[in-house]
Each structure stands twice: as C-alpha cells, then as structure tokens.
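*Asks:* Handing you a structure now.
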Amino acid sequence: MTSTQAKKEIEELIQKINYHNDLYYQKHKTEISDFEFDKLLEQLIELENQFPDLKQPDSPTQRVGGTITKEFNTVFHQYPMLSLGNTYSPEELTDFDSRVAKGLDGDVYEYFCELKFDGVSISLIYEDGLLVKGVTRGDGVRGDDVTANVKTIRNIPLKVSAPGLPKRFEVRGEVFMPKDVFLKLNKEREDIGEEKYANARNTTSGTLKMQDSSIVAQRKLDCYAYYLLGEALGIESHEQGIHALEKWKFNVSNAYRKCKTLKEVFDYINYWENKRNELPLETDGVVIKVNSLEQQERLGFTAKSPRWAIAYKYKAESVSTRLNSITYQVGRTGAITPVAELEPVQLSGTTVKRASLHNANEIARLDLRIGDSVFVEKGGEIIPKVTGVDQAKRKGNLKPVAYITNCPECNTPLIRHEGEAAHYCPNVNGCPPQIKGRIEHFIQRKAMDIDSLGEQTIRQLFELNLVRRPSDLYFLSKADLLRLDKVKDKSADNILKGIIESKQAPFESVLFAIGIRYVGKTVAEKLARHFKTIDNLMAATYEQLLEAPEVGEKIAQSVILFFSNPENREEVERLRQAGLHLEAVIKEVTLDSNVLEGKSFVISGVFEKYERDELRDIIIKNGGKVLSSISGKLDYLLAGDNMGPAKREKAEKLGVPIISEADFNALLSGGKS
C-alpha cells in the first residue's frame, strides 16, 4: 500500500469511528456491535503503525492509551477552579437568592439549574480546536496534568471543528464512572480475589491518576461538560455557553433547566430528588447559577467561591429498619462477605431487603446486634449499606454479633491473612460455592467463552457429581447432559458444541480461566506473552515472575502458591489432555533492521517513552533477543526508573553493561552506548 492509499484509508476509518462514537455518546444509538467497532479501531492502529507519519494528534487511537506517566506535571489554572458554597435547607437557598437580588440592585435575573454530579472536576484546554491539556482541580489554583488519561475518555472530543471557533478556550467537566461500569469493575475484582472499591467517585479519582493510560482506557470513564470559559467567546449567558458545547459535540447532560423564579428552582430540585436515581451516575445535589455572565461578573467572588452560584445538596436518604439476621456468602476465592438481612423497606424508590456489611471490622465498628433498628443508606455506594444503629430503639437484652469462625457452606475453620479485612475459607477444592464459582469463572466470556452453559446448568452438573472442576467439562457425554432438568436432545448438542469450540481459545484466555488469584485478564495476557507456555510459567521462580510486565510481589507470590498445589498442576494436565491451548501463538516477526542482531537484553523498570512490551517488540524487530534473567552472557540490562536493586547488583557483579533509555535509543540508531 502506498502512502497516498494509506492516507485515504486512514481518513475513511477515522470518519467511520468518529461517526459511531458520536452516535453512541451523543445520540445513544448503535449501528454496529462492539466487536465491529473494535475491528475498525484495530485496522486504524495497524495502518498508523505502518505509516507513523500519517498519525494525527486527534486520531481515535489516542483513546486506547499506552502512555506511561511517571509523574504528573503541575499546571496553574488560568481561571481558578473554586469550590461552591453548599446548602441543605430551603431557607439558606432563599437567603442566597436575597443576596443575589441585593447584589444586582433589583435588576431582573434568572437562574440556570444543573444536577451536581458526584465525580471528579476536570479542566479541558483547547487550542486551534485540538485538546492540548486535561488538568485536575487540585487545590483550585493548580492541578495535575492528566492529558494522556483524559484522552482515553471517548466522549471528550480530541478535536473540535466549528465555524468561528475561538483560538483558545477551556471546558470544565465532571469525569465519572457510570454505575454499571463500577459494578462490573467490582465484580471483576471480586472474581480475582481483590478487595472491592468503596464507591465510584473515589475510584474515578484514583483512575485519573494512574500512570498507565491503557489501564485507564479499560476503566471506561465518562464525562459531562458543564462550563465554557475563554476570551471573546461571543456568548452572554451560561445557557449560551452550554448550547455552544452541545453544538461542538461535547457530552452535556440534558437535565438542565433555566428558571425565572426561585419557585421554579425549588420545583426543579423537588423533581430531581427521586428522579436522579434513574441516571447512569451518582448525583448529590443541584447547582444553581445566575445565568447572565455580566451579572456573574458584577456579583463577583468571595475568597473561596463565586457569589453567583450555590450547590443545593440532597441529604443522603436514610431509613431505619430491623436487622433480622446476618448471612454469610462465600465467593469463588473463598472470601466471606457478611450481608444484613433486613425487614423490607422503601429506599430511593426501591424495596431494600439486604445491605452490605463489608467485613468483621465493620460489624464490630457498628456494634451490631440482631434485632437492632439500623439505618440504611444508598449514598454514593450504589449498593445499600448499613451506616449505624438507632440506639434509642435498642432493647437491653440484645447481644453483640459474634462473627462466624467456620465456613457456612463446608464448616471449615476460617482464616484471615495478615493485612486483609476479609476472612477466607481455605477449603479451596472442597467448598461447594468455591468449586461452582471457579467453574462459572472458567466459562465466562473473557475466559473460555462457553455461552451454552450457565449458572443453573453448572449447579445441576455439580449436584449430580458430573463436574467437580473445570476440566471435567471436557469429558462430559451427551448422556450426562440429558440427565439435567429441561435439557433435551438439541440443548445437549448445543452445550457440547460450545465446550468443543472453547478449545480454540488462546493461551492467555486459558490462563485467565484457571483462576489464579489476582491474575485478571490483562495480567494473564502479559504472563502468556512473557513466558510463552504454561510449562515455563509453572517453572518460573519468584524473581523471574517479577520480571514480567504488570507483575508485582503479590501476583508473583500468588502464582507460585497456585502452582505449588499438586491438584492445580493435575488440573493443568487434564486441560492439556482435553486439547486446550497452553502455548502462546508466536507471530512471524518482520524485521525492521538487524542493528541489534546477536545482542541480548533484560528489561527492568519504568520508562519515559515506552512500555516494556513496546521495548520488547522493538528489540525483537531489530534482531535482538529479550531474556528473562541476568547472567554473565547477557549483553545489556536496559534499566528504567524503579528497577529492583537486586537486578542492578547482579548485573554489576557479573559485569553486564547497564544502559538507560537514551543509551538504548543510541544503540537503535546505530550508535554505541
């Protein structure tokens, strides 16, 4: 393909991808599947890799991340990001209105009302239509430059095209994690044995400050734009600024309303008090702003907040109900989760019968007794939680809850690892919920993708003693399946077909499916790529595991522990016998040059311009080899920041040259380190 042909195809792909992005985020419609969308993106990435000079700064490929940021630069805000004054009472809002009227000397004014989203404030700076900076609020005067992470948020325009566009303008927005994304993320963390996140807002804040933007991209953050700033914008009101943002394809919540009187403001507040529960994100109030920009300027600011705006905060809805009992759930990894069983009660438009108690520490902190009247809230937690006890209603004969000491399913004594809040059942291969949970994990879409099976089918297979571990699935017969309720001839054929087709899953999917604690989909992919075969991985030492991308001490220890169990090794052999892929497919490498021919490298640490996987690819494509451990035969230790001291000491002891990222670039260009 010529450069001209590539340019034309790249432009067509960008146009298609932007069209579907706009359709999804602005019009809430879809014309193609996620798979088809990802394929378009893959085609664009491949072309841009072949023709890097054709890659545009606003290319949709910026959304997938990949930049590693070791530290975030501080940026001073051109316009301070001040906090708003808060009120929880109608009386204080009336007082605010009186102050506005007095400050405007009786001039007519109107308000613009918007929902107050429970996310993280962001400042987006555009020059010549291009997004050049994304900055956190920080202390209001200065924040952190998180541009690489902001670019992964798909409904933030990378480029704005419109007639009469200001040369430079700033957009304020609220970055958030949608409820369904947050719940899915917590499900995935629970699935690999990680502690669940407390709430979506804190998770969003932490995600925006991650060093690896490719992980940020996977978190699927969202953003609502709510304010336009700049010089000579040609607008006279906040409303006009909002309409300009809408016209420029920013994602603006349509929940706003212009109000001419304070009564209309209260109507708006009352309307959204319960309606807000239907939104895809958490909200905690309403922002009321004087609409006219000239009047905003006249009213001015206090030291901390504008005099022309205020936030009316909804009180977190809390209800009191009876704690009937506490049940204990056992997860796939053996983690025990206590759940409050409540007298049914209405909360935020739904009937609540159960609420999270998190762990033994929380039960002790609340000093719970069965029969207590407890307060339950939803707040920013999405799932209801018990927040306290109504001491005035406590009866004198109630005894404190004693946390269980044995597994509620198999009666095995529970253990608690040092530094962890949760209790665990250690009966990994004999506890029914753990066994069924591992099989359900094994068949899920991101793992072996056996969609012909489901939770109820797995339950029946377990109860009939047909399946006790994932590998048993591959030795089922049609006669076995016909023993299940509601499974007839055709259903049995479909299940067997799905099981057989799953044998085509790549090694990284199998590695994720076998359920090593802390090894999620991304880590499984990195391990598969690094070690290439299950045998290499099983034989890897602790130090060798630490050399793999994304692998820290906790994951390395978990992998060692998993494969030290003879039953897990036996399971691997049964999966091998069943015909599953336990080796990575190595693609034929087309060399870019032979400048590194005969040279071997060990890569360690964090680098400014590259991910370690990128460096690995560059070395291989230029004729070099990447090794996993340091020996006297090694040519170079390529050292980034935060490299372990043990590697450096070993390299120095053996006389292996230690080179920097700059030295490596010199080698690559034909120079000498």
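Bear in mind that the values in this text are calculations on the coordinates, not laboratory data. Computed from a predicted structure; not experimentally measured. Positions of Cβ are backbone-derived with ideal geometry, glycine not excepted, and every protein chain shown enters the neighbour counts.
*Asks:* Along each principal axis of its Cα atoms, how long is the chain end to end? Whole angstroms, biggest number first, please.
*Replies:* That works out to 83, 78, 57 Å along the principal axes.
*Asks:* Follow-up question, since we're still on this one. Could you pull out the trypsin sites (Lys or Arg not before Pro) across the stretch 233-265 that fall in loop regions by DSSP (anything but H, G, I, E, B) with no more than 13 other Cβ atoms inside 10 Å?
*Replies:* On the way: sites: 247, 249, 257, 258, 260, 263; in loops: 249, 260.
Taking the stretch 233-265 and a limit of 13 other Cβ atoms within 10 Å, the loop trypsin sites (Lys or Arg not before Pro) found are 260.
*Asks:* Also: Calculate, in nm to one decimal, what residue 614 and residue 277 gain on full extension: separation in residues at 0.36 nm each, minus their alpha carbon distance.
*Replies:* On the way: separation 337, 0.36 × 337 = 121.32 nm, distance 4.37 nm.
Extra length from residue 614 to residue 277 when fully extended: 117.0 nm.
*Asks:* Okay, next question. List the trypsin sites (Lys or Arg not before Pro) within the stretch 158-192 that fall in a DSSP loop (any state other than H, G, I, E or B) and whose Cβ has at most 12 other Cβ atoms within 10 Å. Please report the intermediate quantities before stating the final value.
*Replies:* Details: sites: 159, 167, 168, 172, 179, 184, 187, 189; in loops: 167.
Filter output for the stretch 158-192: 167.
*Asks:* With an 8 Å Cα cut-off and a minimum separation of 6 or more residues, compute the relative contact order for the stretch 531-620 in percent.
*Replies:* Once normalised by length, the contact order is 29 percent.
*Asks:* Rounded to two decimals, what ratio of Rg to Rh does the stretch 100-210 give with C-alpha atoms and a Kirkwood Rh? Provide the component values of the computation, followed by the final result.
*Replies:* Working: Rg = 18.3 Å, Rh = 16.7 Å.
Rg/Rh: 1.10.
*Asks:* A further question follows. Given H placed 1.01 Å from N in the peptide plane, which residues other than close sequence neighbours of residue 85 have an amide H under 5 Å from its amide H?
*Replies:* 311
*Asks:* Do the alpha carbons of any pairs in 55/609; 151/385; 116/260; 179/260 sit beyond 25 Å of each other, and which pairs?
*Replies:* Values: 55/609 17 Å; 151/385 34 Å; 116/260 20 Å; 179/260 33 Å.
Violating the 25 Å Cα-Cα cut-off are 151/385; 179/260.
*Asks:* What is the ratio of the Cα radius of gyration of the stretch 600-668 to 2.2 N^0.38 Å, where N is its residue count, to two decimals?
*Replies:* Values: Rg = 11.0 Å, N = 69, 2.2 N^0.38 = 11.0 Å.
With N residues counted in the stretch 600-668, Rg over 2.2 N^0.38 Å equals 1.00.
*Asks:* Now a separate question. Could you give each residue of the stretch 51-61 its phi-based ³J(HN,Hα) in whole Hz, using Karplus coefficients 6.51, -1.76, 1.60 with θ = phi - 60°, and x for Gly or Pro?
*Replies:* Taking θ as phi minus 60°, the curve returns 10, x, 5, 8, 6, 9, x, 9, 4, x, 5 Hz for the stretch 51-61.
*Asks:* Kindly write out, for the stretch 210-221 in residue order, the coupling ³J(HN,Hα) from the Karplus curve 6.51 cos²θ - 1.76 cosθ + 1.60 (θ = phi - 60°), rounded to whole Hz, with x marking Gly and Pro.
*Replies:* In residue order, the calculated couplings are 6, 6, 9, 5, 5, 6, 4, 4, 5, 6, 6, 5 Hz.
*Asks:* Could you give the dipole magnitude of the chain about its Cα centre, charging the beta-carbon of Lys and Arg +1 and that of Asp and Glu -1, in debye to the nearest 20?
*Replies:* Numbers: 93 positive and 99 negative charges, 228 e Å.
The dipole of the chain has a size of about 1100 debye.
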